[in-house]
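Read through the structure below, which is laid out as structure tokens, and then see the notes.
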Amino acid sequence: MDVEVKGAYIPSALVRLDPGEEVYCEAGLMVYSDPSVGFRYRWLTQGGLAGVMKRSMGGIPFHLQTFQGPGYVAFSRQRPGEIRTLELKPGETVEVAEHSLLLAERSVSYDCFYVPGTGRVGRMIGFWMDRLTGPGKVVYHGHGNILSFTLAPGETMEMDHGALLLKDASVTIQAYNQPLGGGLAGHAMSFEALHVSGPGRLALQTLDPSRDHPAP
Amino acid sequence: MQAEQVGEIAPSVLVTLPPGGKVLASHELMLYKEPSVKMQRRTLRSLGVGMGKLITMGALSGQEEAYFLAEFEGPGHVSFSRDRGGEIRIQTLAPGESIRLKEGHLLCFDPTVHYDLEVLGRFYDPYARTGNNQGGWIYLVANRLTGPGTVVYQSNGNVLSFALKPGEALRTSMASLLLSEPTVTLQGQLLGQGTTPLNQLGLPVLNVYGPGRVLVHSGL
């Protein structure tokens with residue numbers, strides 16, 4: 001499988017598949033393809049009916065779409081950003097924020113999990129992440145620009161929850177309420193943020209995909 | 001503070017604060033920070049803008065400026081982003097030097113910078129979405145920032161810079177004016193207005209007169 005990134009502002013990933021090679025993605029990301037490329041649905045059944053209900057509440061699709069070679073097929077998130085490719089070793093796991101995975105090779109196992117929010121009334125209720133385990137290639141889309149960090153063991157960072165793009169499984173995240181100053185008023189005006197702790201790779205994105213972005 | 005732009009698609013600004021160094025911003029703009037950077041609450045009142053003025057400006061322009069700001073104190077790094085495409089400009093103002101920045105574009109600024117809100121003018125826009133969804137008067141409200149200190153702001157789209165001589169004029173759309181110096185004056189005009197149903201509304205524009213520096217942005 002060969003991946004080529006086309007375009008700079010709203011990029012797309014052009015994938016060339018050999019006969020029998022297969023990639024999967026969320027619904028609605030295919031831009032164009034060779035007529036020779038085969039297509040089928042792959043239903044997400046983890047967690048049974050309860051899992052499906054939970055994912056539907058989080059806006060996670062019920063199925064993935066798979067494309068089988070030979071031929072070419074292009075994918076795009078149709079938003080401004082950067083596309084990066086990652087080659088996972090056998091057993092290596094990365095976790096990608098929802099709405100950021102572009103595609104992955106068939107050999108990459110897929111799972112998704114829920115990151116709970118702080119649970120405060122009227123505040124963040126959490127979000128979903130895709131968990132991808134190698135071997136194989138993973139292609140992801142960072143909304144806006146991608147900022148990459150490598151955290152040492154115990155090194156921490158605090159961030160807006162929409163900024164999280166990708167992390168190693170060894171990087172832990174936890175939602176917390178960041179007070180805006182001291183006293184009761186500071187706690188009343190607190191806002192949700194993420195506390196991230198190393199070791200491992202961490203990538204941030206400068207656009208929050210959950211917000212509506214006007215055309216620049 | 002030391003500030004640098006990171007990225008070009010949806011740029012962010014990375015601010016490096018020395019021990020005790022401070023920067024002011026709306027907390028919603030924070031992208032990430034090091035745990036060593038502390039956050040305190042500031043109000044616009046503490047900067048000299050009372051709640052009454054803020055509400056009046058918000059009612060006039062239809063936009064809401066945050067009454068509460070966050071003051072970030074070093075040492076460490078803190079990053080801000082406006083979640084949109086555009087260019088970031090980092091400008092150091094000399095003592096007494098002022099700029100008028102369209103509201104909704106300020107990213108962060110030094111605590112030494114004096115902050116105020118100012119109405120640039122009232123202009124008739126037949127396409128404006130006012131209360132009755134008909135054309136009406138619109139108010140352009142700006143952040144007036146006076147040095148000394150560093151100011152960081154972001155445009156929508158690309159920035160086009162003009163240095164107007166005394167009496168020199170530039171015509172822009174109502175939404176395109178990003179920044180102007182206080183010496184610049186503005187005048188609204190309806191171009192091509194006639195009496196037939198096809199041209200009775202006219203095209204609303206701003207005539208911008210020098211002397212002074214003007215920044216126009218290409219996005220809305």
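The values are calculated or read from the model by the stated rules, or taken from the named source; none is laboratory data. Keep in mind the model is a prediction, meaning the values are calculated, not measured. Heads up, the Cβs are rebuilt from the backbone with ideal geometry, glycines too, and the neighbour counts pull from every protein chain shown. Each accessible area value is taken on the protein alone, full model and side chains, heavy atoms only, with ligands, DNA and RNA left out. Shrake-Rupley method; radii C 1.70, N 1.55, O 1.52, S 1.80 Å.
Can you give me the convex hull volume of the Cα atoms of the protein assembly as shown, divided per residue and expressed in Å³? Before the final figure, lay out the partial values.
On the way: hull volume 78.9 nm³, N = 436.
Spelled out: Cα convex hull of the protein assembly as shown, divided by residues, is 181 Å³.
Which chymotrypsin sites (Phe, Trp or Tyr not before Pro) in region B:111-194 sit in a loop by DSSP (not H, G, I, E or B) and have at most 15 other Cβ atoms within 10 Å of their own Cβ? Spell out each step's value before the answer.
Values: sites: B:TYR115, B:PHE123, B:TYR124, B:TYR127, B:TRP137, B:TYR139, B:TYR153, B:PHE162; in loops: B:TYR127.
Answer in residue order: B:TYR127.
Based on the Cβ-Cβ distance of B:THR183 and A:SER210, what FRET efficiency does E = 1/(1 + (r/R0)^6) give at R0 = 41 Å, to the nearest 0.05?
Values: r = 42 Å, r/R0 = 1.02.
That gives a FRET efficiency of 0.45.
Can you list residues whose amide H is under 5 Å from B:LEU93's amide H, if they're 5+ apart or on another chain and H is modeled 1.01 Å from N?
Close amide H contacts, sequence-distant or interchain: B:GLY149, B:THR150, B:VAL151.
Among B:GLY50, B:GLY192, B:GLY85, whose mean-square fluctuation peaks in a Gaussian network model of chain B (Cα, cutoff 10 Å)?
Ranking B:GLY50, B:GLY192, B:GLY85 by mean-square fluctuation puts B:GLY192 first.
Please identify the trypsin sites (Lys or Arg not before Pro) of region A:94-143 that satisfy two criteria: DSSP loop assignment and at most 13 other Cβ atoms within 10 Å. Which are they?
On the way: sites: A:ARG106, A:ARG120, A:ARG123, A:ARG131, A:LYS137; in loops: A:ARG106, A:ARG120, A:ARG123.
Counting only loop positions with at most 13 other Cβ atoms within 10 Å, the trypsin sites (Lys or Arg not before Pro) in region A:94-143 are A:ARG120, A:ARG123.
Starting from the amide H of B:LEU120, placed 1.01 Å from N in the peptide plane, find each other amide H under 5 Å away whose residue is 5 or more places distant or on another chain.
Long-range HN contacts for B:LEU120: B:LEU140, B:VAL141, B:ALA142.
Using alpha carbon centroids, what distance separates region B:72-114 and region B:140-209, in Å?
21 Å
Considering only A:ILE125, A:ILE173, A:ILE146, give the residue with the highest GNM mean-square fluctuation for chain A, with springs between Cα atoms whenever their separation is below 10 Å.
A:ILE125
Return the long-range amide H neighbours of B:LEU201 (sequence gap of 5 or more, or a different chain), with a cut-off of under 5 Å between placed amide H atoms.
Counting only residues 5 or more places away or on other chains, the set is B:GLY194.
Hey, what does the equivalent ellipsoid look like for chain A, semi-axes from the Cα gyration tensor as sqrt of 5 times each eigenvalue, largest first, whole Å? Spell out each step's value before the answer.
Working: eigenvalues 205, 67, 59 Å².
The answer is 32, 18, 17 Å, longest axis first.
Loop-only check: which trypsin sites (Lys or Arg not before Pro) in region B:1-85 are DSSP coil with at most 16 other Cβ within 10 angstrom?
Numbers: sites: B:LYS22, B:LYS33, B:LYS38, B:ARG41, B:ARG42, B:ARG45, B:LYS53, B:ARG82, B:ARG84; in loops: B:ARG82, B:ARG84.
Of the trypsin sites (Lys or Arg not before Pro), not one in the loops of region B:1-85 has a Cβ with at most 16 other Cβ atoms within 10 Å.
Per residue of region A:92-103, in order, report the coupling 6.51 cos²θ - 1.76 cosθ + 1.60 (Karplus, θ = phi - 60°) as ³J(HN,Hα) in whole Hz, putting x for Gly and Pro.
6, 10, 10, 10, 10, 4, 4, 6, 10, 6, 9, 6
Which whole-number percentage describes the relative contact order of region A:4-159, with Cα contacts under 8 Å and a sequence gap of 6 or more? Numbers along the way, then the final one.
Values: 338 pairs, mean separation 41.7, N = 156.
Result for region A:4-159 is 27 percent.
Return one number: the angle in degrees, 0 to 90 and rounded to the nearest 10, between the long axis of the Cα atoms of helix A:48-57 and the longest principal axis of the Cα atoms of chain A.
70 degrees
May I ask you to list the lysines whose Cα is less than 22 Å away from that of B:LYS38, ignoring any residue fewer than eight positions away on the same chain?
Straight-line reach from B:LYS38, under 22 Å: B:LYS22.
With a 1.4 Å probe and all protein chains in place, put B:SER81, B:SER161, A:SER33 in order of accessible area, largest first.
Numbers: B:SER81 5, B:SER161 75, A:SER33 45 Å².
Result of the area sort, largest leading: B:SER161, A:SER33, B:SER81.
Longest segment of chain A with no chymotrypsin sites (Phe, Trp or Tyr not before Pro) in a DSSP loop having at most 15 other Cβ atoms within 10 Å? Each step should come with its number before you reach the end.
Details: sites that count: A:TYR9, A:PHE62.
The reported range is A:63-216.
With the radius of gyration and the Kirkwood radius both derived from the Cα set of chain B, what is their ratio Rg to Rh?
On the way: Rg = 18.5 Å, Rh = 18.4 Å.
Rg/Rh: 1.00.
Label 7 Å along Cα→Cβ of B:ARG213; region B:62-106 residues with amide nitrogen under 15 Å?
B:88-102
Angle, helix B:51-61 long axis vs. longest principal axis of chain B, Cα atoms, 0 to 90°, nearest 10?
40 degrees
Given R₀ = 56 Å, what would the calculated FRET efficiency be for A:GLN174 paired with B:ALA128, taking r from the Cβ atoms and rounding to 0.05?
0.80
Roughly how many whole Å is it from the C-alpha centroid of region A:1-35 to that of region A:104-157?
For region A:1-35 versus region A:104-157, the Cα centre distance is 21 Å.
Please enumerate, by chain and number, the lysines with C-alpha under 26 Å from the C-alpha of A:LYS89, excluding those fewer than 8 residues away in the same chain.
A:LYS6, A:LYS137, A:LYS167
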